Amino acid sequence: MDLPPRHHGLLAEFDTAAAILRAAEKVREAGYRRWDVFTPFPIHGMDHAMGLKNSRVGWFTFIGGVTGYFTGNLMIWFMNAFDYAIPVGGKPMFSPIFAFPPSYELTILFGAFGSLFGMLFLNRLPRLHHPLLKNRRFKQVSHDKFFVVIESSDPKYSEPEARRLLESAGAKHLELVEE
Amino acid sequence: MTEATAAIPAAVKVEAPPPELERQPLVLNQRPLGWITDHIAGVAEGKTPKWWWVAFGISAPTMVMCFVMIAYLISTGVGVWGLNHPVAWAWDITNFVFWIGIGHAGTLISAILFLLRQRWRTSINRAAEAMTIFAVMCAGIFPLIHVGRAWFAWWLLPIPTSNSLWPQFCSPLEWDVFAVSTYFTVSLLFWYMGLVPDLAVMRDRATNKLKQILYGLFALGWRASNRHWSNYEKAYLLLAGLSTPLVLSVHSIVSFDFAVSQLPGWHTTIFPPYFVAGAIFSGFGMVLTLLVPLRSVCNLQEIVTTRHVELMCKVVLATGSIVGYAYGMEFFIAWYGGNPYELDAFRFRAFGPYWWAYWIMITCNVISPQLFWFKKIRTNMVAVFIISIVVNIGMWFERFVIIATTLAREFMPANWGYFSPTMVDILTFVGTFGLFMTLFLLFMRFLPMIAICEVKGITPQADPHHPLGGAGKGGHH
């Protein structure tokens, strides 16, 4: 017996920023959970339309920054006051003042690493293989088209219903995305 | 549809501003989104133009000359340079500060103008950030080869060695190691993160397997998901927020190399802001030097418009005036402070044996940018290009004047001296321009030199509440 090929989800194409924003509101109101909007550039107001919460990247930045500052201070204390004390001009072996400039730079350095890697971690990137990346039509997302994808793994997902919803939202084209 | 948007009555609609107050568009001629992709990506995708080969043919050998000079220096010794007692810092440190300063405009454009919501920055930030990275690479060479025994330059790093010795953190020179390496790393991260969505654009347009794999690899599997954009935009904002204090701190710390010492002419509190303003001034000069010719040869006038050039000229005018004020204030304080050594150092700067360098500096940095008060000059690309080069010459001389004039006169007249460069000094410095231009030319041939996704994001088509973005067609938006 041949099972029908499993599919990743239903892809709907839209032409304008306003159309995709309206569609996103409709999909959210229909109560879907595993779905996403794909746009060539971030659209202002889309997070709100999709009901996304504020991104958590800031925590990674913050933790990175705090780690950087304390790493700097600890390193300088260890190197110049503890492990091999270097007396300079009768000044204290360690002071947070002269340790400040390098620690400040490390705050920024670690914070920047936290931001980039935090963003990649939250987005589960790098991920070089994905069903959508195999879809020919989806390539237009980096050009000038806008897409909504409702994934087949969504608990509410049923193909005819999703089709009806996206058609009523004004999709220009609908197709199934292969797994 | 949210209830809030549906509830707005039609009468509340904001009237369009009168035509004289309408802002000029950032992308001319209402180009569609697809045109923006094709046009920008096309610069890197098309056949390599002739002018590119000519430019590369000049810059690549110049870069090789730089490496040959460095090899000669390291194999022979610092005696091949003109520096000697009492001027132990000379062209090398001048070049270091010069190149680091060039980089600052890139970060200013990418970070500070982003925080200030200056949307025009999107057309120029990618190229300016690339310029930053390449300029910092050129800058980094000089302190490393200036240490004399360059094979010991890694002693600057806090790594455990069999010497059981650590770097000495009371010294601003060690702070510099941290400032410059952090600056380079963070600039690279910021630049790369901005590139990720555009690398995905290049991946999706790739015409052969190799391009697809390479662009695809570095695009990290980016698929323009809004859930991703949401984290991405937050990370971008945070990186901009981190780069802003970073860029201000880097040139402040570079100025500490001088200000923390006790030499007349160096030991001043005005140095950090004065250095940062000068850095941005020279950096914008370099951005103009690069982009004014590039926008015509790459046909990008509709994206990097005359308005963009004008705005950059205004930044040059503003920072140039700050620099001019700092020059004046230095003299005032030298007199008002009542320190005879300080006053003498400045008298010597303007009227001593280096008077020619001082007055070149004043002409290039204080007088030439004032021409940008005139719209006729700001919109004349030839004039802008010439002034931008003059600005860079002036800023190189500023660093030379600060370094050489102070060191040439010590407290004891018996120790006075005069520095003249040797051919090796000159060719090494000229060679770094080759390195810089080679890297920049390679960048613009292989990567989109304008941030495609960001430029799309500021067009009216990107705004869901604008008629061009589709608003009004479906009813309530």
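The values are calculated or read from the model by the stated rules, or taken from the named source; none is laboratory data. Remember, it's a predicted structure, so these values are computed and weren't measured experimentally. Counting neighbours? That spans all protein chains shown, and the Cβs are built from the backbone with ideal geometry, glycine included.
Can you tell me which condition A:Leu106 does not meet? The list is (1) assigned to a helix (DSSP H, G or I); (2) surrounded by fewer than 18 Cβ atoms within 10 Å (Cβ to Cβ); (3) at the interface with chain B (Cβ under 8 Å from one of its Cβ atoms), and all the others hold.
Exception for A:Leu106: condition (2).
All but one of (1) among the hydrophobic types (A, V, I, L, M, F, W, C); (2) more than 10 Å from chain B (Cβ to nearest Cβ); (3) outside any strand (DSSP E or B) hold for A:Leu174; state the number of the condition that does not hold.
(3)
Evaluate the range A:66-77: report whether one residue or more is in contact (Cβ under 8 Å) with a residue 12 or more places away in the chain, more than 7 Å from chain B (Cβ to nearest Cβ) and among the small types (Gly, Ala, Ser).
yes
Residue pairs, Cβ under 6 Å, 6 or more apart or interchain, first in the range B:24-36 and under 22 Å from A:Val141 (Cβ atoms), second not in a helix (DSSP H, G or I). List them.
B:Val27/B:Ile303; B:Val27/B:Thr459; B:Leu33/A:Asp144; B:Gly34/A:His143; B:Gly34/A:Asp144
Quick check on the range B:427-438. Is at least one of its residues over 21 Å from B:Ala128 (Cα atoms), hydroxyl-bearing (Ser, Thr, Tyr) and modelled with pLDDT of 90 or more?
Checked against the condition, which is being over 21 Å from B:Ala128 (Cα atoms), hydroxyl-bearing (Ser, Thr, Tyr) and modelled with pLDDT of 90 or more, the range B:427-438 yields at least one hit.
Can you find a residue in the range B:216-233 that is surrounded by 23 or more Cβ atoms within 10 Å (Cβ to Cβ), in a helix (DSSP H, G or I), of a type in the set (A, V, I, L, M) and within 8 Å of another protein chain (Cβ to nearest Cβ)?
No, the range B:216-233 contains no residue that is surrounded by 23 or more Cβ atoms within 10 Å (Cβ to Cβ), in a helix (DSSP H, G or I), of a type in the set (A, V, I, L, M) and within 8 Å of another protein chain (Cβ to nearest Cβ).
If you check A:Phe38 against the conditions, is it under 26 Å from B:Pro32 (Cα atoms) and aromatic (Phe, Trp, Tyr)?
yes
Give the residue that is surrounded by the most Cβ atoms within 10 Å (Cβ to Cβ), with candidates limited to residues of the range A:22-60 that are in contact with a Gly (Cβ under 6 Å, 6 or more places away or on another chain), hydrophobic (A, V, I, L, M, F, W, C) and facing chain B (nearest Cβ under 7 Å).
Initially, the range A:22-60 is screened for residues in contact with a Gly (Cβ under 6 Å, 6 or more places away or on another chain), giving A:22, A:28, A:41, A:57, A:60.
This time we only want the ones that are hydrophobic (A, V, I, L, M, F, W, C), so: A:41, A:57, A:60.
Then keep just the ones that are facing chain B (nearest Cβ under 7 Å); that gives A:41, A:57.
Working: A:Phe41: 24, A:Val57: 28.
This residue is A:Val57.
Looking at the range B:159-174, which of its residues are over 28 Å from the mean Cα position of the chain (by Cα) and not aromatic (Phe, Trp, Tyr)?
Of everything in the range B:159-174, those that are over 28 Å from the mean Cα position of the chain (by Cα) and not aromatic (Phe, Trp, Tyr) turn out to be B:Ile159, B:Pro160, B:Thr161, B:Ser162, B:Asn163, B:Ser164, B:Leu165, B:Pro167, B:Gln168, B:Cys170.
So B:Val276 passes all but one of these: (1) in contact with a Leu (Cβ under 7 Å, 6 or more places away or on another chain); (2) aliphatic (A, V, I, L, M); (3) under 13 Å from B:Val391 (Cβ atoms). Which condition number does it fail?
All conditions are met except number (3).
Of the numbered conditions (1) in contact with a helix residue (DSSP H, G or I) (Cβ under 8 Å, 6 or more places away or on another chain); (2) without any contact (Cβ under 8 Å) to a residue 12 or more places away in the chain; (3) more than 23 Å from B:Val80 (Cβ to Cβ), B:Ser162 fails exactly one; give the number of that condition.
Condition not satisfied by B:Ser162: (1).
With a cut-off of at least 3 residues that are within 24 Å of B:Gly278 (Cβ to Cβ), name the helices (runs of 4 or more DSSP H) lying wholly within the range B:23-122.
B:91-107
Give the residues of the range A:109-142 that are more than 7 Å from chain B (Cβ to nearest Cβ), in a helix (DSSP H, G or I) and over 19 Å from B:Trp191 (Cβ atoms), sorted by residue number.
A:Phe121, A:Pro131, A:Lys134, A:Arg137, A:Phe138, A:Gln140
Does B:Asp204 satisfy being under 29 Å from B:Ala139 (Cβ atoms), among the charged types (D, E, K, R), within 11 Å of chain A (Cβ to nearest Cβ) and buried (at least 20 other Cβ atoms within 10 Å of the Cβ)?
When the stated conditions are applied, B:Asp204 does not pass them.
Considering only residues that are within 21 Å of A:Phe98 (Cβ to Cβ) and more than 23 Å from the chain's Cα centre (by Cα), look in the range B:143-158 and name the one that is nearest to the other protein chains (Cβ to nearest Cβ).
In this case the residue turns out to be B:Pro158.
If a residue must be within 7 Å of chain A (Cβ to nearest Cβ) and without any contact (Cβ under 8 Å) to a residue 60 or more places away in the chain, how many such residues does the range B:179-190 contain?
Looking only at that region, the number is 2.
Can you give me the ranges of the helices (runs of 4 or more DSSP H) entirely in the range B:381-463 with at least 2 residues that are within 14 Å of another protein chain (Cβ to nearest Cβ) and more than 24 Å from B:Ala135 (Cβ to Cβ)? Working first, answer last.
On the way: elements: B:381-400, B:423-446, B:452-457.
Fully inside the range B:381-463 and qualifying: B:452-457.
Do you know which residues across the range B:160-169 are modelled with pLDDT of 85 or more and over 13 Å from A:Asp83 (Cα atoms)?
B:Phe169
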